[in-house]
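Trainee: Have a look at the structure that comes next, please.
The values are calculated or read from the model by the stated rules, or taken from the named source; none is laboratory data. Everything quoted here is computed from the prediction, not taken from an experiment. All Cβ positions, even for glycine, are placed from backbone atoms using ideal geometry, and neighbour counts span all protein chains on display. Surface areas here come from the heavy atoms of the whole protein model, side chains and all, with no ligands, DNA or RNA. Shrake-Rupley method; radii C 1.70, N 1.55, O 1.52, S 1.80 Å.
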Amino acid sequence: MFITFLQMGLANEVQLIPLLYLLNAVAGIHGVIYGQALTDYIAVILSTIIWKQYQNSITKEKDSVK
């Protein structure tokens, strides 16, 4: 579970920096505000996907042990 939080934190920072440059060029100062919000939404989506994969691997392990 710690790895998921670490990945989510790294993904958040990796996404934020390019989005800040991109949105700052497009939306000016509002790009900074939108960049953080957009990065948070992307982090939630990615963490949900990682969590689902983790849950599926646990159920497959339980089924194979039986």
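Trainee: Condition first: in contact (Cβ under 8 Å) with a residue 24 or more places away in the chain and open to solvent by 50 Å² or more (accessible area, probe 1.4 Å). Now tell me which residues in the range 12-49 satisfy that. Spell out the reasoning first.
Mentor: Start the filter on the range 12-49 by keeping residues that are in contact (Cβ under 8 Å) with a residue 24 or more places away in the chain, which leaves 12, 15, 39-40, 42-43, 46-47.
Correct list: Asp40, Ile42, Leu46.
Trainee: Please go through (1) at pLDDT below 75; (2) in contact with a helix residue (DSSP H, G or I) (Cβ under 6 Å, 6 or more places away or on another chain) for Leu6 and return the number of the only condition it doesn't satisfy.
Mentor: Result: Leu6 passes all but (2).
Trainee: Condition first: of a type in the set (Gly, Ala, Ser) and over 19 Å from Glu13 (Cα atoms). Now tell me which residues in the range 26-39 satisfy that. Can you show your working first?
Mentor: Let us first name the residues in the range 26-39 that are of a type in the set (Gly, Ala, Ser), namely 27-28, 31, 35, 37.
Once the filter is applied, which keeps residues that are of a type in the set (Gly, Ala, Ser) and over 19 Å from Glu13 (Cα atoms), the range 26-39 yields Ala27, Gly28.
Trainee: With respect to Lys52, is the statement that it is modelled with pLDDT of 80 or more, in a helix (DSSP H, G or I) and of a type in the set (Lys, Arg) true? Can you show your working first?
Mentor: Working: modelled with pLDDT of 80 or more: yes; in a helix (DSSP H, G or I): yes; of a type in the set (Lys, Arg): yes.
Here the answer is yes, as Lys52 does meet what is asked.
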